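Report on the structure given below.
The values are calculated or read from the model by the stated rules, or taken from the named source; none is laboratory data. The shown structure was predicted, so the numbers you read here are calculated from the model rather than taken from an experiment. Here the Cβ positions follow ideal geometry from the backbone for every residue, glycine too, while neighbour counts run over all protein chains shown.
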Amino acid sequence: MDRTLILVGIGGLIGSVLRYLVAVFFARQAASTFPYGTFVVNLAGCFIIGVVFALSEKGNLISPEWRILLTTGFCGGFTTFSTFSYESLRLIQDGEILFVSAYIAGSVIIGLAATYLGMLLVRWI
């Protein structure tokens, strides 16, 4: 089996379990309809992916194996918002304002619409 797949799987397993534990923790702490758990993991995931990519850009501070485990694996299991945030930032840094605008607006608006359509489809069936 490909070593990269194993690293992504291990990171994803850890990230997914930790996301669940954070959600449970916040659900027990706050009697609120605001999704604190999701909010916290999304922000933490953005911070983590930023640190990992910055370390990997500085040279040999983090190996490619650790980078894939922590970004695609852990952050991917913990939150996909972190990748969205990083990719948006990269487009901004590259001066791709039209693309980043379309990416952000499209992801949010079409994502919400797709979720709604999926719910409608299930209700309709």
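Summary of values
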{"quantity": "Matching residues, the stretch 102-120, being of a type in the set (S, T, N, Q) and either touching an Asp or Glu at 6+ places or on another chain (Cβ under 7 Å) or within 26 Å of Val52 (Cβ to Cβ) (or both)", "calculated": "Ser107"}
{"quantity": "Contacts under 6 angstrom Cβ, first residue in the stretch 28-46 being within 11 Å of Phe78 (Cα to Cα), partner among the hydroxyl-bearing types (Ser, Thr, Tyr) and at pLDDT 85 or above, 6 or more apart", "calculated": "Val41/Thr79; Asn42/Thr79; Gly45/Thr79; Cys46/Ser85"}
{"quantity": "Criterion: surrounded by 12 or more Cβ atoms within 10 Å (Cβ to Cβ) and out of contact with any Pro (no Cβ under 7 Å at 6 or more places or on another chain) - qualifying residue of Leu89, Leu112, Leu98, Leu121", "calculated": "Leu89"}
{"quantity": "Residue check for Gly37: exposed (fewer than 15 other Cβ atoms within 10 Å of the Cβ), of a type outside the set (Ser, Thr, Tyr) and more than 13 Å from the chain's Cα centre (by Cα)", "calculated": "no"}
{"quantity": "Pairs with Cβ under 8 Å, 6+ apart, first in the stretch 1-26 and touching a residue at least 40 places away in the same chain (Cβ under 8 Å) and closer than 15 Å to Cys75 by Cα, second assigned to a loop (DSSP other than H, G, I, E, B) and of a type outside the set (Gly, Ala, Ser)", "calculated": "Gly15/Thr79; Arg19/Thr79"}
{"quantity": "Residue in the stretch 75-91 that is more than 20 Å from Gly11 (Cα to Cα) and over 18 Å from the mean Cα position of the chain (by Cα) present", "calculated": "no"}
